[in-house]
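Undergrad: One structure coming up, written as structure tokens, with questions to follow.
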Amino acid sequence: DQQVKQNSPSLSVQEGRISILNCDYTNSMFDYFLWYKKYPAEGPTFLISISSIKDKNEDGRFTVFLNKSAKHLSLHIVPSQPGDSAVYFCAATTSGGSYIPTFGRGTSLIVHP
Amino acid sequence: NAGVMQNPRHLVRRRGQEARLRCSPMKGHSHVYWYRQLPEEGLKFMVYLQKENIIDESGMPKERFSAEFPKEGPSILRIQQVVRGDSAAYFCASSPFGTEQYFGPGTRLTVT
């Protein structure tokens, strides 16, 4: 049973436009959410996170939105750049425990020049 | 400050052999995590270790898999008597305080 779901395996966007990557979770105990970016043949790199006490967190071109009632979060990339082409993993955890994130299956983003 | 290092990057083993995967955490990090990524899947947690202690091994298969993080040297993930289903990418991550994790480049294990 997947507790973190990324229902879109891939997304294609034109350079300069907005990329929106979605993530849903089922475990109401999750209170800390992270996005990781992964290039081929490399390990995931941390991108941005959000605590459940917030509904938005912004870092440069990247913004994460959290809708607790819907158990849904999204990552917005504006403007999208070709270098953003990668697999994006959504992850969720409970901050009071051992902080081990549960990952979604990832969304492959392709940004076309 | 060097990042998390994993070796080998690629490992080929025949069925029944042993596989040893090594992970050197970032300097000053005492928390190590191992994950497995099967094709078309997300990363699945396997085990969480601190120096000389296994903190959480709830994601480890009950047989053939073991992990250690000795006082000196890298963390080792050992898979005995490998089977084709063990073919995957294995990622190690380290953390200074058990919070944000920094991942290594992974070891791709192929069992023939």
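The values are calculated or read from the model by the stated rules, or taken from the named source; none is laboratory data. Being a predicted model, the structure only gives us computed values, none of them experimental. Please note: Cβ atoms are built from the backbone with ideal geometry, for glycine as well, and neighbour counts cover all protein chains shown. Ligands, DNA and RNA are excluded from the accessible area calculation, which covers all protein heavy atoms including side chains. Shrake-Rupley method; radii C 1.70, N 1.55, O 1.52, S 1.80 Å.
Undergrad: From largest accessible area down, sort A:55, B:86; use a 1.4 Å probe on the protein chains.
TA: On the way: A:55 100, B:86 5 Å².
Result, largest first: A:55, B:86.
Undergrad: Checking the cross-link filter: which lysines have an alpha carbon closer than 26 Å to that of residue B:27, excluding same-chain neighbours under 8 positions apart?
TA: A:37, A:38, B:44, B:51, B:71
Undergrad: Only four residue types carry charge here, +1 at the Cβ of Lys and Arg and -1 at the Cβ of Asp and Glu. Report the dipole size of the range B:47-112 about the Cα centre in Debye, rounded to the nearest 20.
TA: 240 debye
Undergrad: Cα to Cα, under 14 Å, and not fewer than 8 places away if on the same chain: which aspartates and glutamates meet these conditions relative to residue A:54?
TA: Answer for residue A:54, where 14 Å is the Cα cut-off: A:31, listed by chain and number.
Undergrad: While we're on this one: Tell me the accessible surface of residue A:58 in square angstrom (1.4 angstrom probe, heavy atoms of protein chains only), to the nearest ten.
TA: 110 Å²
Undergrad: Next question, about the same structure. With the Cα gyration tensor of the protein assembly as shown in hand, give its eigenvalues times 5 under a square root as the equivalent ellipsoid semi-axes, listed largest first in whole angstrom. Can you show the working numbers first?
TA: On the way: eigenvalues 180, 78, 54 Å².
Semi-axes (√(5λ), whole Å): 30, 20, 16.
Undergrad: About the Cα centre, and with charges only on the beta carbon of Lys, Arg (+1) and Asp, Glu (-1), how big is the dipole of the range A:25-113? Nearest 20 debye, please.
TA: With only Lys, Arg, Asp and Glu charged at Cβ, the dipole is about 160 debye.
Undergrad: Something else about it: Would you look at the GNM of chain A, springs on alpha carbons closer than 10 Å, and say which of A:99, A:39, A:88 moves the most?
TA: Residue with maximal mean-square fluctuation among A:99, A:39, A:88: A:99.
Undergrad: Still on this structure, I have one more. Each residue of the range B:27-33 in order: what ³J(HN,Hα) in whole Hz does its phi give by Karplus 6.51 cos²θ - 1.76 cosθ + 1.60, θ = phi - 60°, with x for Gly and Pro?
TA: Once rounded to whole Hz, the list reads 4, x, 8, 10, 10, 10, 10.
Undergrad: Explain nothing, just compute: Karplus ³J(HN,Hα) = 6.51 cos²θ - 1.76 cosθ + 1.60, θ = phi - 60°, for every residue of the range B:7-18 in order, whole Hz, x for Gly and Pro.
TA: 8, x, 6, 10, 9, 10, 9, 7, 3, x, 7, 9
Undergrad: Quick one: if the Förster radius is 41 Å, what FRET efficiency do residue B:53 and residue A:68 give, using the C-beta to C-beta distance and rounding to 0.05? Walk me through the numbers before you get to the answer.
TA: Details: r = 35 Å, r/R0 = 0.84.
The value I calculate is 0.75.
Undergrad: Where both partners of a DSSP beta bridge lie in chain B, what percent of those bridges are antiparallel, to the nearest 5?
TA: Among the beta bridges of chain B, antiparallel pairing accounts for roughly 90 percent.
Undergrad: Moving on. Dividing the Cα convex hull volume of chain B by residue count, how many Å³ per residue is that?
TA: Enclosed volume per residue, from the Cα hull, is 95 Å³.
Undergrad: What does the structure give for B:39-50 when I average, per residue, the other chain Cβ atoms found within 10 Å of the residue Cβ?
TA: Mean partner-chain Cβ count within 10 Å for B:39-50: 4.
Undergrad: What accessible surface, in Å², does a 1.4 Å probe find on residue A:66, ignoring ligands, DNA and RNA and rounding to the nearest 10?
TA: Answer for residue A:66: close to 10 Å² accessible.
Undergrad: Let me ask another. Could you tell me which residue out of B:81, B:92, B:53 lies farthest along the dipole of the range B:1-105 toward its positive end? Charges go on the beta carbon: Lys and Arg +1, Asp and Glu -1, centred on the Cα centre.
TA: Value: B:81.
Undergrad: Would you mind giving the average projected area, over all directions, of the Cα convex hull of the range B:18-65 in nm² with one decimal?
TA: On the way: hull surface 17.1 nm².
Its average projected convex-hull area is 4.3 nm².
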